[in-house]
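Visitor: Below is one structure. I have some questions about it.
The values are calculated or read from the model by the stated rules, or taken from the named source; none is laboratory data. Owing to the predicted nature of the structure, the values given are computational and were not obtained by experimental measurement. Neighbour counts run over all protein chains shown; Cβ positions are idealised from the backbone, glycine included. Accessible surface is based on the protein model in full, side chains and every heavy atom, while ligands, DNA and RNA are left aside. Shrake-Rupley method; radii C 1.70, N 1.55, O 1.52, S 1.80 Å.
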Amino acid sequence: MTEANEMTREGYQALQDELEHLTTVTRKENAENLKEARSFGDLSENAEYDAAKDAQAETEERIATIEAALRTAKIVEDDMVAEGVVATGRTVKLHDLIYDEEVTYKLVGNTEADPFNGKLSNVSVVGQHLMGAKVGDVLEFPVLDGTAKYEVLEVY
């Protein structure tokens, strides 16, 4: 049995949009590039043909990945979790007690994660420890480079 892939409604829609673009636009572009590259002659020494085949393979791989993610998707709605509890789709403001700074993360599904832009995967080490936490909770847990210690300041 396949495990559900939790994600936000926005993340689900973004994947659907990307899939639509890949199947309607990018596939056609890849086919045109292949056709053009074939016209250059000998395929055994045709760098354009090799590049076009690689692009086509990358596109098909991405399509398969997105289709698998959408098949197992479980959209987490805000009303599915009690108010003030950290869950997928919620934003949490934390006080990092190790570095004495405030950080804010939005917990998202693994396919949506973008930690450099404040979107933290719900299955990452930090994300897993934050799930279910409430305002006032102090969480301490091991991370790759030592220990993380956070106080939950706000959940919205």
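Visitor: Rounded to the nearest 10 Å², what accessible area does MET80 have for a 1.4 Å probe in the complete protein model?
Guide: My reading of the accessible area for MET80 is about 100 Å².
Visitor: Region 15-110: D in µm²/s via Stokes-Einstein (Kirkwood Rh, Cα pairs, 25 °C, 0.890 mPa s)?
Guide: Roughly 142 µm²/s, to the nearest whole number.
Visitor: Considering only protein heavy atoms and a probe of 1.4 Å, how much of the accessible area of region 32-156 is carbon and sulfur, as a whole percent?
Guide: Here carbon and sulfur together make up 49 percent of the probe-accessible area.
Visitor: Additional query: Relative to the longest principal axis of the chain, what angle (0 to 90°, nearest 10) does the C-alpha long axis of helix 9-21 take?
Guide: 10 degrees
Visitor: Which one of ALA4, ALA57, SER121 has its Cα pushed farthest toward the positive end of the charge dipole of the chain, where Lys and Arg give +1 and Asp and Glu give -1 at the Cβ?
Guide: Looking along the dipole axis, the top candidate is ALA4.
Visitor: Show that you can apply the helix-only estimate: for the chain, add -39,500 (n - 2.57) for every DSSP H stretch of four or more residues, divide by all residues, and state [θ] at 222 nm to the nearest 500.
Guide: Rounded to the nearest 500, it is -11500 deg cm²/dmol.
Visitor: Quick check: net charge around PRO115, other residues with Cβ under 15 Å of its Cβ, Lys/Arg +1 and Asp/Glu -1? Write down the numbers at each step before the final one.
Guide: Numbers: positive: LYS106, LYS119; negative: ASP96, GLU112, ASP114, ASP145.
Charge balance in the 15 Å sphere: -2.
Visitor: Helix 47-71 against the longest principal axis of the chain: what's the angle in degrees, Cα atoms only, rounded to the nearest 10?
Guide: The angle comes out near 40 degrees.
Visitor: In whole angstrom, how far apart do the alpha carbon centroids of region 2-42 and region 64-124 sit?
Guide: Spelled out, the Cα-based centre of one part sits 25 Å from the other.
Visitor: How large is the charge dipole for the chain, taken about the Cα centre, if only the Cβ atoms of Lys, Arg (+1) and Asp, Glu (-1) carry charge, to the nearest 20 debye?
Guide: 380 debye
Visitor: Return the lysines within reach of LYS53: Cα separation strictly under 16 angstrom, same-chain partners fewer than 8 residues apart disregarded; answer none if there are no such residues.
Guide: Of all the lysines, those that pass the test against LYS53 - Cα under 16 Å, at least 8 places apart if same chain - are LYS28, LYS35.
Visitor: Sorted by accessible area (1.4 Å probe), largest first, how do TYR105, TYR156, TYR99 line up? Write down the numbers at each step before the final one.
Guide: Details: TYR105 45, TYR156 120, TYR99 155 Å².
Heavy-atom accessible area, descending, gives TYR99, TYR156, TYR105.
Visitor: Accessible area per residue, 1.4 Å probe, Å², for region 38-156: what's the number?
Guide: It amounts to 60 Å² per residue over region 38-156.
Visitor: Related question: Does anyone have the angle between helix 27-38 and the longest principal axis of the chain? Alpha-carbon axes, 0 to 90°, nearest 10?
Guide: Approximately 40 degrees, to the nearest ten.
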